[in-house]
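Remarks on the structure that follows.
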2 protein chains.
Amino acid sequence: MRVLGIDPGLTRCGMGVVEGSVGRPLRLVDVNVLRTSSDLPVPQRLVTIEKGVDAWLDEHRPDAVAVERVFARSDVSTVMGTAQASGIAMVCAARRGLPVALHTPSEVKAAVSGNGRATKAQVGTMVTRILRLDAMPKPADAADALALAITHIWRGGAQARIDAAVAGARQTQATRRRYA
Amino acid sequence: MRVLGIDPGLTRCGMGVVEGSVGRPLRLVDVNVLRTSSDLPVPQRLVTIEKGVDAWLDEHRPDAVAVERVFARSDVSTVMGTAQASGIAMVCAARRGLPVALHTPSEVKAAVSGNGRATKAQVGTMVTRILRLDAMPKPADAADALALAITHIWRGGAQARIDAAVAGARQTQATRRRYA
């Protein structure tokens, strides 16, 4: 299974591709941080992010995309841009029919380090160990994107399958209601 | 000048097209509300919004797009979806090279009613009068989208031109610095 993890952001958007399966060593395929200048208008910055994500989907052909879930209570100065960037990332994946999963920062921290309140440095250290890298991926957005991809593989894509089943069941119910 | 106003939202996304110029009667071209079911996963809902906005850009060929500016302090339960939908709307316009302007709710209220704290009903009434409609556009998201388009025309697209000039000047400065 090949997963693209995306740590969304307007100024820095981390993207990391990891390959592997539960119980086997994972492999780093590629990692990058998309940057857009705060001097540019937001619509242009979002288009740059869209192009960057699309280019990676073309190049790396992941089986699934894992995006960090953004909360309204996050840092107010950046949360709108982060939410918009996450929306773009989700659309890029979903319009290709790729499964998209959202993982919270504490789910990711817990998955890679066993501690839902781990520091950025701990997450970076664990990502470096898990992927057997020579150095810690930098900046933190790169390590976070890889941690998201690792989390998704280790959770076995189970959540995405549960969500799909629930959505399917709901749709069946709705169809039944319509034709009842 | 033909403007597409977008009142972004995941559950209801208002879209209104208005044609005209400052000092002349304005004309309603079309108005609609895109709806997506909260039973569906967010990525699918965003793809539906993207398709709807793209279809309208194809059909109505506006000269500019005006999107409501979303604030982090808005209603916490819906603000993430609203921000994501606004990001999609901006990208749809910007990747076609269309100018995108953001107007705050109070700018829109002040433009159409003279009062930055006008109620939804007042905005609806004024939109109905300004466009000489037989009935108030419903739901409120439809009226709000039209109010955004009206605001944009009445501001003469001035803000977009100022933003473009500022971005241009900054870019020139950056180029100068690079080659200095």
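Expressed as a whole percent, the accessible area of the range A:1-92 that falls on carbon and sulfur atoms is 48 (1.4 Å probe). In this assembly of identical copies, the label point of A:Ala135 (Cα plus 7 Å along Cα-to-Cβ) is separated from its counterparts by 6.7 nm, sorted shortest first. With each label point set 7 Å from Cα along the Cα-Cβ vector, what nm distance links A:Arg155 and B:Met1? For the pair A:Arg155/B:Met1, the computed spacing is 4.6 nm.
Shortest first, A:Pro25 label-point distances to identical copies amount to 7.7 nm, with the label point at 7 Å from Cα along Cα→Cβ. Between A:Ala135 and B:Arg27, the C-beta separation translates, for a Förster distance of 56 Å, into a calculated FRET efficiency of about 0.35. Between amide H atoms placed 1.01 Å from N, distances below 5 Å from A:Thr104 occur with A:Arg69, all of them 5 or more places distant or on a separate chain.
Remark: chain B projects, on average over all directions, an area of 11.7 nm² (convex hull of Cα atoms).
Please compute, over every Cα-Cα pair in the protein assembly as shown, the percentage with a separation greater than 26 angstrom. Of all Cα-Cα distances in the protein assembly as shown, 54 percent exceed 26 Å. Interface B-A: total buried accessible area of about 2400 Å², 1.4 Å probe, protein heavy atoms only. Take B:Asn115, push a point 7 Å out from Cα through the beta-carbon direction, and compare it with the same point in every other copy: 5.6 nm, smallest first.
For B:Ala110 and B:Asp63, a Förster radius of 41 Å and the Cβ-Cβ distance give a FRET efficiency of 0.95, rounded to the nearest 0.05.
Of all DSSP beta bridges confined to the protein assembly as shown, the antiparallel ones make up roughly 65%.
Does the range A:59-153 come out rounded, prolate or oblate, given a ≥ b ≥ c as the square roots of the eigenvalues of its C-alpha gyration tensor, rounded meaning a/c under 1.5 and, failing that, prolate meaning a/b above b/c? It is oblate, given that a/c is not under 1.5 and a/b is not larger than b/c.
Among B:68-78, B:29-39, what's the highest-first ranking by average C-beta atoms within 10 angstrom per residue?
B:29-39, B:68-78
Antiparallel beta bridges, as assigned by DSSP with both residues in the range A:1-138, represent about 65 percent of the total such bridges. With a 10 Å cut-off around each Cβ of B:94-101, the average count of Cβ atoms from other chains is 3.
Computing FRET efficiency as 1/(1 + (r/R0)^6) for B:Thr119 and A:Phe71, where r is the C-beta to C-beta distance and R0 is 25 Å, gives about 0.25.
The values are calculated or read from the model by the stated rules, or taken from the named source; none is laboratory data. Just so you know, these numbers come straight off a predicted model, no measurement behind them. We place every Cβ from the backbone using ideal geometry, glycine too, and count neighbours over all the protein chains shown. Ligands, DNA and RNA are excluded from the accessible area calculation, which covers all protein heavy atoms including side chains. Shrake-Rupley method; radii C 1.70, N 1.55, O 1.52, S 1.80 Å.
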